[in-house]
Amino acid sequence: MDSHADLAAREVGRKLDSEMRLVREAIAMVASGASPRVTIGGIHFGEALLMTARGLAAEAGVRLVPLWAPDDAGADIVVERMDHD
């Protein structure tokens with residue numbers, strides 16, 4: 001039988017995977033030229049995602065700009081072309 005902690009850990013893992021998928025898809029969208037900029041709102045695990053996603057973004061020729069919430073409640077992440085001003 002799963003404990004409450006096990007269930008919570010699995011839920012966190014699913015949420016992290018879901019947010020990483022959103023970031024990867026936004027990187028692909030901007031890198032392909034389909035959009036010059038994409039903002040992903042309401043990311044809970046921004047700090048953890050940025051460690052991995054920054055490398056993916058650089059390889060794709062885009063950058064990630066975190067917009068941190070003032071109350072440490074997460075972030076929005078902007079994916080944009082390197083040449084975007």
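The values are calculated or read from the model by the stated rules, or taken from the named source; none is laboratory data. Since we're looking at a predicted model, the values are computed, not measured. Reconstructed Cβ throughout: ideal geometry from the backbone, glycine too, with neighbour counts over all protein chains shown.
Only a single item in (1) in contact (Cβ under 8 Å) with a residue 24 or more places away in the chain; (2) surrounded by 13 or more Cβ atoms within 10 Å (Cβ to Cβ) is not met by ARG63, and it is number (1). The set of residues from region 15-62 being within 20 Å of MET82 (Cα to Cα), out of contact with any strand residue (DSSP E or B) (no Cβ under 7 Å at 6 or more places or on another chain) and part of a helix (DSSP H, G or I) comprises ARG24, GLU25, ALA28, SER32, MET51, THR52, GLY55, LEU56, ALA58, GLU59, ALA60. ARG54 falls short on exactly one of the conditions (1) among the basic types (Lys, Arg); (2) in contact (Cβ under 8 Å) with a residue 24 or more places away in the chain; (3) closer than 26 Å to GLU11 by Cβ, and that condition is (2). When LEU56 is tested against (1) at pLDDT 90 or above; (2) surrounded by 14 or more Cβ atoms within 10 Å (Cβ to Cβ); (3) on the phi > 0 side of the Ramachandran plot, only condition (3) is not met. Within region 74-82, can one find any residue that is assigned to a strand (DSSP E or B), in contact with a Phe, Trp or Tyr (Cβ under 7 Å, 6 or more places away or on another chain) and in contact (Cβ under 8 Å) with a residue 24 or more places away in the chain? Yes, there is a match, as at least one residue in region 74-82 is assigned to a strand (DSSP E or B), in contact with a Phe, Trp or Tyr (Cβ under 7 Å, 6 or more places away or on another chain) and in contact (Cβ under 8 Å) with a residue 24 or more places away in the chain. Without any contact (Cβ under 8 Å) to a residue 24 or more places away in the chain, surrounded by 11 or more Cβ atoms within 10 Å (Cβ to Cβ) and not β-branched (Val, Ile, Thr), is that true of SER3? Considered against the rule, which asks whether it is without any contact (Cβ under 8 Å) to a residue 24 or more places away in the chain, surrounded by 11 or more Cβ atoms within 10 Å (Cβ to Cβ) and not β-branched (Val, Ile, Thr), SER3 comes out as no.
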